[in-house]
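J.: Right, I'll just put the structure down here and ask away after.
The values are calculated or read from the model by the stated rules, or taken from the named source; none is laboratory data. None of these values were measured; they are calculated from a predicted model. Don't worry about glycine lacking a Cβ; one is built from the backbone with ideal geometry, like all the others, and counts go over all protein chains shown.
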Amino acid sequence: MEGMIIIILFFVLMGIGIPVAVSLGVAATIYIIGFVDLPAIIIVQQMISGVDKFTLLAIPFFMMAGSLMEQGGISARIVDFSKKVLGPIPGGLALVTILASMIFAAMTGAGAATVAAIGAIIFPQMIKEGYDEDFTCALMATGGIFGPLIPPSILMVLYGVATDVSVGDMLIGGVMPGIIMGIVVAITALIMCRKNGIKAGDKYSGKEIFRSVISAFWALLTPLIILGGIYSGIFSPTEAAAVATLYSLIIGMFVYKELKLSNLINILFKSMKTTAGVLLIVATTQAFGWVLTKEQIPQLIANWFTSLSSSPLVFLFAVSILLLIAGCFLDPVPAIMIFAPILFPASKMFEIDPVHFGVVMVVALCIGLITPPVGINLFVASSVGDRPVHKIVPHIVPFLYAVLVGLLAIILLPGFSTFLPSLL
């Protein structure tokens, strides 16, 4: 009973506008003070234990790497490479947006940063080629969902930390689902472009394409270094994040020469500010999770799910619906930290592969990045394109249908998530 009261209190606090991290911490503290005879220092101990994990060092490093890539000229070269390859196709710039977003996601793991970095470059070009402004913003926002899915993914790291599942397996498990989502979004974009009469763009000579490949070579090498290093045993996922940061710094300063020393302070400040917000959520979620565990809430939920049905598919569909709804109101970072420890025990009772379950959770929450009222990608795209959000939302609907089809395929075919981890 006390556990349900605390859960309700958390949602009430969040509903009146108190930040998620503070709501979690306050709810856990009230439980300790009001319902159990335990010292309040337990809350602090749980918060410290929540962030005292080596794996979490990957978060600030990946965020820093993303900022370095954004300001070091890497994103511009990725867009240019994609444009030279796909631009001549009818609707090619839409495909460029998707491909560039996927490549940038494979280097940074950040959704909003992908929208900002790729969108700022591609938006003027698409408008010049006759694309509708609101459609372009919707496409940019959808391209940002690949960031938290394709490795390196901060959400995958957090899920691994929250459930003690291998972070390396989670990172590689997102590769094929990310490609699947990219394919369904690309098909949808092409259909919409043909419907709107978008023609083919300029053709480029083989020499121009070759030059763009050479220019983007060092940028395109980044995902291979990160994933190749992890699965060759050279370094761990956390060390891979540090290597990605150092590599981005070197490429931006000494190869492309667009990153200046004067930029580094702002990059460090921005990265540390974002990291502090994420880790505060991780810390307070640990305390809140301890309360739920003490009240046996995960076990109660697991028993409730198993009483409804013995089918793993029914369970996965129910979890997906729950997370799709939660994603409309919660950012994916607190959502994964809140729901993973609660739902993971139930998934074990249904004997669902932990990597597959984690991928389904992350995909469902990534869709929340483009769903009103909280979808952060919508607001970033709105800012980049200088368009009101309510004008973009109607154009996001076809892409929502597309990514839901992708989620359905990932649920029904677990091999998409488990094949590469089991192979490697």
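J.: Looking at (1) closer than 30 Å to T114 by Cβ; (2) surrounded by 15 or more Cβ atoms within 10 Å (Cβ to Cβ); (3) at pLDDT below 75, can you tell me which one G3 breaks?
T.: (1)
J.: Could you give me the residue pairs with C-beta distances under 8 Å whose first residue belongs to the range 133-160 and is over 17 Å from A113 (Cα atoms), whose second residue is among the β-branched types (V, I, T) and in a loop (DSSP other than H, G, I, E, B) wherever it lies, and which are 6+ apart or on separate chains?
T.: Y159/V165
J.: Here's a follow-up. Test Y131 against the stated conditions and say whether it is surrounded by 24 or more Cβ atoms within 10 Å (Cβ to Cβ), aromatic (F, W, Y) and at pLDDT 80 or above.
T.: Numbers: surrounded by 24 or more Cβ atoms within 10 Å (Cβ to Cβ): no; aromatic (F, W, Y): yes; at pLDDT 80 or above: yes.
When the stated conditions are applied, Y131 does not pass them.
J.: Taking the condition of being among the charged types (D, E, K, R) and within 19 Å of I150 (Cβ to Cβ), how many residues in the range 324-362 meet it?
T.: Taking the range 324-362 and keeping what is among the charged types (D, E, K, R), we get 331, 348, 351, 353.
Pick out the ones that are also within 19 Å of I150 (Cβ to Cβ) and you get 331.
Going through the range 324-362 one residue at a time, the tally reaches 1.
J.: Something else about it: Out of I392, I411, which single residue is buried (at least 18 other Cβ atoms within 10 Å of the Cβ), touching an Asp or Glu at 6+ places or on another chain (Cβ under 8 Å) and either among the hydrophobic types (A, V, I, L, M, F, W, C) or in a loop (DSSP other than H, G, I, E, B) (or both)? Quick ask: steps written out before the conclusion?
T.: Details: I411 fails: touching an Asp or Glu at 6+ places or on another chain (Cβ under 8 Å).
It is I392.
J.: Taking the range 175-203 as the search range and keeping residues that are out of contact with any Gly (no Cβ under 7 Å at 6 or more places or on another chain), touching a residue at least 60 places away in the same chain (Cβ under 8 Å) and not in a helix (DSSP H, G or I), which one is nearest to Y256 (Cα to Cα)?
T.: K203
J.: Please specify each residue of the range 87-99 satisfying the condition of being of a type in the set (A, V, I, L, M) and either more than 30 Å from K207 (Cα to Cα) or modelled with pLDDT under 75 (or both). Don't jump to the end; show me each part of the working.
T.: As a first pass, look at the range 87-99 and keep what is of a type in the set (A, V, I, L, M): 89, 93-96, 98-99.
Within the range 87-99, no residue meets the criteria.
J.: Then there is this: Which residues, counting only those in the range 363-389, are of a type in the set (S, T, Y) and surrounded by 24 or more Cβ atoms within 10 Å (Cβ to Cβ)? So that I can check it myself, show each step before the final result.
T.: The first filter runs over the range 363-389 and keeps only residues of a type in the set (S, T, Y), leaving 371, 382-383.
Result: no residue meets the conditions.
J.: Going by the structure shown, is A65 aliphatic (A, V, I, L, M), buried (at least 24 other Cβ atoms within 10 Å of the Cβ), assigned to a helix (DSSP H, G or I) and within 17 Å of the chain's Cα centre (by Cα)?
T.: Working: aliphatic (A, V, I, L, M): yes; buried (at least 24 other Cβ atoms within 10 Å of the Cβ): yes; assigned to a helix (DSSP H, G or I): yes; within 17 Å of the chain's Cα centre (by Cα): yes.
Considered against the rule, which asks whether it is aliphatic (A, V, I, L, M), buried (at least 24 other Cβ atoms within 10 Å of the Cβ), assigned to a helix (DSSP H, G or I) and within 17 Å of the chain's Cα centre (by Cα), A65 comes out as yes.
J.: Taking the range 52-76 as the region of interest, how many residues are over 16 Å from K273 (Cα atoms) and modelled with pLDDT under 80?
T.: Filtering the range 52-76 down to residues over 16 Å from K273 (Cα atoms) leaves 52-55, 69-76.
Next, only the ones that are modelled with pLDDT under 80 stay: 53-55, 69-76.
Residues in the range 52-76 being over 16 Å from K273 (Cα atoms) and modelled with pLDDT under 80: 11 in total.
J.: Still on this structure, I have one more. Against the condition among the small types (G, A, S), farther than 18 Å from C366 by Cβ and touching a Gly at 6+ places or on another chain (Cβ under 7 Å), how does A240 come out, does it pass? Give the derivation first.
T.: Working: among the small types (G, A, S): yes; farther than 18 Å from C366 by Cβ: yes; touching a Gly at 6+ places or on another chain (Cβ under 7 Å): yes.
It is true that A240 is among the small types (G, A, S), farther than 18 Å from C366 by Cβ and touching a Gly at 6+ places or on another chain (Cβ under 7 Å).
J.: Being assigned to a helix (DSSP H, G or I), more than 30 Å from P152 (Cα to Cα) and among the hydrophobic types (A, V, I, L, M, F, W, C) is the requirement here; does A28 meet it? Give the derivation first.
T.: On the way: assigned to a helix (DSSP H, G or I): yes; more than 30 Å from P152 (Cα to Cα): yes; among the hydrophobic types (A, V, I, L, M, F, W, C): yes.
Yes: the conditions hold for A28.
J.: Anything in the range 154-174 that is farther than 21 Å from L224 by Cβ and in a helix (DSSP H, G or I)? List them, or say none.
T.: The answer is L155, L158, Y159, G160, V161, A162, T163.
J.: Identify all residues within the range 358-413 that are modelled with pLDDT under 90 and among the aromatic types (F, W, Y); write none if there are none.
T.: Within the range 358-413, just F379 meets the criteria.
J.: Continuing with this model, one more query. I'd like the full set of residues that are among the β-branched types (V, I, T) and either within 22 Å of the chain's Cα centre (by Cα) or crowded, with 20+ Cβ neighbours inside 10 Å (or both), limited to the range 288-345.
T.: Within the range 288-345, the first condition is being among the β-branched types (V, I, T), and the residues that meet it are 291, 293, 297, 301, 306, 314, 319, 321, 325, 333, 336, 338, 342.
Across the range 288-345, the qualifying residues are V291, V319, I321, I325, V333, I336, I338, I342.
J.: Does the range 130-152 contain at least one residue that is in a helix (DSSP H, G or I), out of contact with any strand residue (DSSP E or B) (no Cβ under 7 Å at 6 or more places or on another chain) and within 23 Å of F269 (Cβ to Cβ)? Walk me through how you get there before you give the answer.
T.: At the first step, the residues of the range 130-152 found to be in a helix (DSSP H, G or I) are 133-146.
From the residues that got through so far, the ones that are out of contact with any strand residue (DSSP E or B) (no Cβ under 7 Å at 6 or more places or on another chain) too are 133-146.
Then keep just the ones that are within 23 Å of F269 (Cβ to Cβ); that gives 144.
Yes, the range 130-152 contains at least one residue that is in a helix (DSSP H, G or I), out of contact with any strand residue (DSSP E or B) (no Cβ under 7 Å at 6 or more places or on another chain) and within 23 Å of F269 (Cβ to Cβ).
J.: Return the residue satisfying two criteria in turn: it lies in the range 31-57 and is within 36 Å of the chain's Cα centre (by Cα) and in a loop (DSSP other than H, G, I, E, B), and of such residues it is surrounded by the most Cβ atoms within 10 Å (Cβ to Cβ).
T.: Once the filter is applied, the top-ranked residue is K53.
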